[in-house]
Amino acid sequence: MHDLMTPPDSSEKSRGVATALAALLGAFGAHRFYLGKTGSGALMAVTLGGLGVWWLYDLIVVAAGDFHDADGRRVSRWDPGAADGQGTEALGRDVDALRAEVAELAERLDFAERLLARPHDPSGSSPPRRP
């Protein structure tokens, strides 16, 4: 089952991983090795990413989601594990947990505001300040 944002012919490889590899080790063709393109990956490693030009081109294409793996499928999913519908459920749980945390923070803020809004005791019963 595919989500609406991902075409059915997309690769199971992660676009996020490929982008990170292209950014960090792209001159050595690490992203190409990850995507199964070992021949062009080796050539890229020998030429140091085409002296940077090939590396920069690949980085842009991979980040844009228009790069293809060794099987010719587009590497477009940031998180391919989420494509089976479990990602939506996990996102819902995360949103619910975030709502609970925000509600707790709102209660704490309300409590702090009430404490600060109390009138100050002018009788001087507070301990004296030290210099």
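Rundown of residues vs (1) modelled with pLDDT of 90 or more; (2) among the acidic types (Asp, Glu); (3) part of a helix (DSSP H, G or I), yes/no style:
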| site | (1), (2), (3) |
| --- | --- |
| Pro8 | no, no, no |
| Lys13 | no, no, no |
| Gly16 | no, no, yes |
| Gly26 | no, no, yes |
| Arg32 | yes, no, yes |
| Gly41 | no, no, yes |
| Gly49 | no, no, yes |
| Asp58 | yes, yes, yes |
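Being modelled with pLDDT under 90 and among the β-branched types (Val, Ile, Thr): is that true of Val53 here? Considered against the rule, which asks whether it is modelled with pLDDT under 90 and among the β-branched types (Val, Ile, Thr), Val53 comes out as no.
Look at Ala112 and say whether it is of a type in the set (Gly, Ala, Ser), at pLDDT 90 or above and under 22 Å from the mean Cα position of the chain (by Cα). In short, no.
Exactly one residue out of Ala70, Ala97, Ala106, Ala63 is part of a loop (DSSP other than H, G, I, E, B), modelled with pLDDT of 85 or more and not acidic (Asp, Glu): that is Ala70.
The values are calculated or read from the model by the stated rules, or taken from the named source; none is laboratory data. This structure is a prediction, so every number in the text was calculated from the model and none was measured.
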